[in-house]
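This report concerns only the one structure given below.
The values are calculated or read from the model by the stated rules, or taken from the named source; none is laboratory data. Because the structure is predicted, anything quoted here is derived from the model rather than measured. Reconstructed Cβ throughout: ideal geometry from the backbone, glycine too, with neighbour counts over all protein chains shown. Surface accessibility is based on the protein's heavy atoms, side chains included, excluding ligands, DNA and RNA. Shrake-Rupley method; radii C 1.70, N 1.55, O 1.52, S 1.80 Å.
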Amino acid sequence: MASTSLCQQLSIMRQSFFDEGLLDHEQVSYLETLENEDDPHFIENVFTLFLRVSTRYIDSIEKALETSPVDYPVIERMLYRLKGSSASIGASKINGETNTLRNFFHDGDMESGKASLQKLKAEHATFKEKLAVYVGMLKQAKLSEY
């Protein structure tokens, strides 16, 4: 079984995600109910997949903004995917920043959109760093159970 200290650290870290508004408690709790004997690493896998694909989506948005003319269909598609994937794991701040960015681009406000993209990238980097640590600790805790 995972050490009490590790379990306490995980619990504190998990709660901090909710307290900071990084993750939605209800959505994460739902995802945790999907973890079972057949898929004991479900939550880690979902979070890891999000970190990988969300990084690609943001990179694609940035590249599409650098093209001349700006590739709006790619931007819209990547924003739509980022919005959906962030909502599915309950990444509240990422989802909110994505919506803000979408609104700026829909309104044709490129300057605000570019500034919003930088804010999204910073928010994503912070989230990614914290979530990667959490996923690593979850894996460690589950390994110590065997």
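Looking only at the stretch 36-95, count every residue that is assigned to a helix (DSSP H, G or I), aliphatic (A, V, I, L, M) and over 13 Å from LEU117 (Cβ atoms) and tell me the total.
Of the residues in that region, 8 qualify.
Take ARG102 and decide whether it is touching a residue at least 12 places away in the same chain (Cβ under 8 Å), open to solvent by 30 Å² or more (accessible area, probe 1.4 Å) and under 20 Å from GLY21 (Cβ atoms).
Details: touching a residue at least 12 places away in the same chain (Cβ under 8 Å): yes; open to solvent by 30 Å² or more (accessible area, probe 1.4 Å): yes; under 20 Å from GLY21 (Cβ atoms): yes.
Yes: the conditions hold for ARG102.
In the set SER88, SER112, SER60, SER92, which member is touching a helix residue (DSSP H, G or I) at 6+ places or on another chain (Cβ under 6 Å), closer than 22 Å to LYS128 by Cβ and hydroxyl-bearing (Ser, Thr, Tyr)?
Going through SER88, SER112, SER60, SER92 in turn, the sole match is SER60.
Pairs, please: C-beta under 7 Å, at least 6 apart or cross-chain, first residue on the phi < 0 side of the Ramachandran plot and in the stretch 67-95, second open to solvent by 60 Å² or more (accessible area, probe 1.4 Å)?
Close Cβ pairs (under 7 Å, with a partner that is open to solvent by 60 Å² or more (accessible area, probe 1.4 Å)) amount to SER92/ASP24; ASN95/LYS83.
Can you tell me which residue in the stretch 2-18 is nearest to the chain's Cα centre (by Cα), limited to those that are surrounded by 11 or more Cβ atoms within 10 Å (Cβ to Cβ) and within 25 Å of ALA87 (Cβ to Cβ)?
The selected residue is PHE17.
Might you check whether a residue that is at pLDDT below 95 and open to solvent by less than 60 Å² (accessible area, probe 1.4 Å) occurs anywhere in the stretch 81-93?
no
Condition (residue is at pLDDT 95 or above and at positive phi) applied to the stretch 24-45: is it met by at least one residue?
Scanning the stretch 24-45 turns up no residue that is at pLDDT 95 or above and at positive phi.
Among residues belonging to the stretch 24-56 that are under 13 Å from the mean Cα position of the chain (by Cα), open to solvent by less than 40 Å² (accessible area, probe 1.4 Å) and of a type in the set (Ser, Thr, Tyr), point out the one that is farthest from SER86 (Cα to Cα).
Among residues in the stretch 24-56 that are under 13 Å from the mean Cα position of the chain (by Cα), open to solvent by less than 40 Å² (accessible area, probe 1.4 Å) and of a type in the set (Ser, Thr, Tyr), the one farthest from SER86 (Cα to Cα) is THR55.
Filter the stretch 111-146 down to residues that are hydrophobic (A, V, I, L, M, F, W, C), open to solvent by 40 Å² or more (accessible area, probe 1.4 Å) and over 18 Å from PHE17 (Cβ atoms), then give me how many there are.
Restricting attention to the stretch 111-146, the residues satisfying the condition of being hydrophobic (A, V, I, L, M, F, W, C) are 115, 117, 120, 122, 125, 127, 131-133, 135, 137-138, 141, 143.
If we keep only those that are open to solvent by 40 Å² or more (accessible area, probe 1.4 Å) as well, we get 115, 122, 125, 132-133, 143.
Those left that are additionally over 18 Å from PHE17 (Cβ atoms): 115, 143.
Qualifying residue count, the stretch 111-146: 2.
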